[in-house]
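The values are calculated or read from the model by the stated rules, or taken from the named source; none is laboratory data. If you're wondering where the values come from, they're calculated on a predicted model, not measured in any experiment. Because the Cβ atoms are built from the backbone with ideal geometry, glycine has one as well, and the counts that use them run over all protein chains shown. Note: areas computed on protein heavy atoms with side chains; ligands, DNA, RNA excluded. Shrake-Rupley method; radii C 1.70, N 1.55, O 1.52, S 1.80 Å.
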Amino acid sequence: MTKNNVHIKHEGASKGIAIGKAHVLTAIGAGFPKYWITDREITSEIMRLKSAIQKSKQQLAKVKEKLCRFEGKEQIQIIDTHSMLIQDEMLVTHAIQNITSRKINAEWALEKVISRLKMAFIDMHDQYFQQRKHDLDYIYQRIMKNLVGSPELSLHEIKENNLILVANDFSPADIVSLPRERVKGFITAVGGNASHSAIIARSLEIPAMVGVEGILKQVQENDLVVIDALRGLIIIKPSKEELERYKKQQTAFEKANKELLKDARLPAVTKDGKRMELVANIELAEEVIPAIQHGAEGVGLFRTEYLYANRMDYPSEEEQFECYKAALEQMEGRPVTIRTLDLGGDKLFAGGEYADHVNPALGLRAVRFCLVEKDIFRTQLRAMLRASIYGNLRMLLPMISGLDELLQVKSVIEGVRNDLKKEKVKVSEKIELGIMIEIPSAVIVADALAKEVDFFSIGTNDLIQYALAVDRTNEHVSYLFNPLNPAIISLIKQTAEAAKKAGIDVTICGEVAGDPLYLLLFLGLGIDALSMNPVSIPRVKKMLREVTLKEAKELVSKVNSFDSIAKIEGLIKNETAKYLKIFEHPKSAKP
Ligand code: PEP
Ligand code: MG
C-alpha cells in the first residue's frame, strides 16, 4: 500500500494541473531483461520461448477471426504472414541455439535472431522486403510481450475516465494516440523535458511530468494523484483540503488561459515598435486552426514525422499531399514551414529497423535517413511540391551537418522538381528553402550554409544536446540541459550574425522559444521569429508587447560580459521578473 499523502517535487514537462486516479502501465517501454543463464536453466528458458511463441500464434489466430468478420482481404494476408513468420523454422531454431550455446535468456536470444534477420533485408530497397522488416518488428514485439508477461498495449481501449497514466516511458506515438477525454495527465519514470514525448504532451496540453525516477514504486493502481505541473509537485493520495485547493486552482488556471487567449491575436510587436514573428510548431494538420486561434502568424515548424507514427507502412504521396494541402489552405497565405522527415533519434516509428543502434541520436536520423531511403524522401518531396500551389510553403531540412550534405539534398529536391515539370504538374516557383541549425558543425560553417538557403531555424533542443553532449531524453543529465550556458548563447549569436550577413531570416524553434524567460535574450540577439507550441504563443506575445528592443539589447550586452551560467541566469531572472509576474496565479498553492 502506498503511504498516505506522498509529495514528490519534480519540474513539470507540460504545464497545467491534473487530478485523477492512477492507472499504472508497468510494461510499456520498460525494456526487456538481458541476463546470462546457467546450464541448468537452458531447458526452462527454451520452454519459456516456445510457450511465448505458441501464445503469440493463438493471439494472431484470434485477431484473424475478428478481422474475417469486419475487415478486408489485405489485413488477413498480413496476419497470415505474421503467423508464418512466427512459426518460421529459422527463427525458432536460431533463437533456441542462442539460448543453448550463448547461455543467454530467451528475450535476449530472440532479439539477436530478429536483428540478424532484419540485417538480411537492410540493403534491399524492394517494397516487399521493406514490408518484411516491418513484419519482423511486429512479431518481435508480440512474442516479447508474451515473454515478459506484459499486457497488450491498448491505451485506446481504456474505458475509465479521469485517469493519470503512470509508466516507465511513453513513445511520442503512444501519446498522440492517448484517449484525451479519459486521460487527464501522465507521469513517466524516464525521459527529459526536451524529449519528443514531452513536446507532444505540451502541444496536446496534457499536464505531464517526465523522468520521475522511482515513480512506479511509489504509486499504485487507483491511487488518487494530483499533478501540479505549474509549481512542480506530484501528490499521491492528497488530503481533502489539498484536493479542494487543487480543484480551485485547476479552474483558475483554465480561466487565466482563456483570458490570455483574448489578446492572442494582437500584433506581435515591442513597445518601441520592433516586430517579432510568433509562429507555431505543429505535429498534425489538425493543429493549424487552434494555432491561429492562439495567435500564430504562420507555422514555423511542421514536424511531419508524426504522419509516419503508429503504423506499419509509410504514408503514400497522396495521403501526404492532402495533409500538406490542408495545412497550407487553412493558413490562408501565411507561411507554413514544413520540415522534411526527421525520423530517428527518440522519435522512432513502428517498424523502424534503424532503431537498433547504440546511439540513435547520432545515427541514421533525419536527412541522413532520407538520403539512404531516397524513395521515401522523394515521395514526401513530391507531395510537398505538389501542395505548394495551395499557399505559402517553406521547406525546412533537419539535421544538416555541413555544406556537402546540404548540396546533396538540394540536388534531390531539384530532381523531384524536374520530374514534376516533365509530368506537367504545377509547382510554386517561390518556395523558400531553409535548414535547421541544430548540429554545432552547422553553426561553425553557417556563413557558407547561409549562401545556399533562404532562412535558418535554430533547433535548440538538438543544438543543446549535441553541443553539450547531453542526451535530451536522459533525466540524469537534464540539469545540464540549459540554454543559458554561455556556449549555447554564443552558438545562437554566431548563427544570427551569419544570417544577418547573408540577409536571411533566423527563427528559433526549439522548446525554449515558448518560454517567456528567454524572450529578451532572443530579441536582443537579433532573432527574427520564434516558433513554439501554439499554447505558449499568448504568453510570449503578452510579454513581447510589454518590453522594448532597447532593454533587450542592453541585457544582451550584460550577458556577453558573463561567463557563468549562474550569473547569466541570475541576471535574466532578475530583469524578467517584473514581466513574468503577469502570469502568476492569484491564489497560488503553498504546498
Ligand atoms: C530542435 O531540435 O530544437 C527541434 C525543434 O527539432 P526536434 O525537437 O523535432 O528535434
Ligand atoms: Mg531537432
(request) For the chain, build the charge dipole from Cβ charges (+1 Lys, Arg; -1 Asp, Glu) around the Cα centre, then report which of Gly434, Ala446, Met543 sits farthest towards its positive end. (result) Met543
(message) Out of the total accessible area of the chain (probe 1.4 Å, heavy atoms of protein only), what percent is carbon and sulfur?
(response) 53 percent
(message) Taking 41 Å as R0, compute the FRET efficiency from the Cβ-Cβ separation of Arg40 and Lys9 and round it to 0.05.
(response) 0.30
(request) Beta carbons within 10 angstrom, averaged per residue: use that to sort the peptides 420-426, 216-222, highest first. (result) 216-222, 420-426
(request) Sort Tyr579, Tyr314 by accessible area with a 1.4 Å probe, largest first. (result) Tyr314, Tyr579
(message) Only four residue types carry charge here, +1 at the Cβ of Lys and Arg and -1 at the Cβ of Asp and Glu. Report the dipole size of the range 258-325 about the Cα centre in Debye, rounded to the nearest 20.
(response) 560 debye
(request) Measure up Lys15/Lys553; Lys271/Lys542; Lys184/Lys217; Lys255/Lys541; Lys542/Lys581; Lys237/Lys581 against 23 Å on the Cα-Cα distance and list the ones that go over. (result) Lys15/Lys553; Lys237/Lys581
(message) Quick check for me: using +1 on Lys/Arg Cβ and -1 on Asp/Glu Cβ, what's the dipole size of the range 387-508 about its Cα centre, in debye to the nearest 20?
(response) 460 debye
(message) What distance in nm lies between label points placed 7 Å from Cα along the C-beta direction at Val148 and Glu244?
(response) 4.4 nm
(message) Using amide H atoms built in the peptide plane, which far-off residues or other-chain residues are under 5 Å from Ile458 H to H?
(response) Ile437, Thr507, Ile508, Cys509
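Which length gain, in nm to one decimal place, applies between Ala577 and Asp272 when the Cα-Cα distance is subtracted from 0.36 nm times their residue separation? Show your work: numbers first, answer last.
Values: separation 305, 0.36 × 305 = 109.80 nm, distance 2.00 nm.
Extra length available between Ala577 and Asp272 comes to 107.8 nm.
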(request) With only Lys, Arg, Asp and Glu charged, each at its Cβ (+1 for the first two, -1 for the last two), find how big the charge dipole of the chain is about the Cα centre; round to the nearest 20 debye. (result) 1280 debye
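Would you please give the FRET efficiency between Asn560 and Leu468, computed as 1/(1 + (r/R0)^6) with r the Cβ-Cβ distance and R0 = 22 Å, to the nearest 0.05?
0.70
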(request) Provide the packing ranking of 537-543, 52-58, i.e. peptides ordered by the mean count of other C-beta atoms within 10 Å per residue, highest first. (result) 537-543, 52-58
(request) For the chain, report the translational diffusion coefficient in µm²/s to the nearest whole number, using Stokes-Einstein at 20 °C, 1.002 mPa s, and a Kirkwood Rh over Cα pairs. (result) 83 µm²/s
(message) Give me the percent relative contact order of the chain, please, defined on Cα pairs under 8 angstrom at least 6 residues apart.
(response) 15 percent
(request) Quick one: accessible surface of Tyr35, probe radius 1.4 Å, all protein chains present, in square angstrom to the nearest 10. (result) 90 Å²
(request) Please list Met331, Met90 in order of solvent-accessible area, largest first, computed with a 1.4 Å probe with all protein chains present. (result) Met90, Met331
(message) As a test of reading the structure, rank Val336, Val477 by solvent-accessible area (1.4 Å probe, protein chains only), most first.
(response) Val477, Val336
(request) Please give the per residue accessible area of the chain, computed with a probe of 1.4 Å over protein heavy atoms only, in Å². (result) 45 Å²
(request) Using 0.36 nm per residue of separation minus the Cα-Cα distance, give me the extension gain between Thr251 and Gln97 in nm, one decimal. (result) 49.4 nm
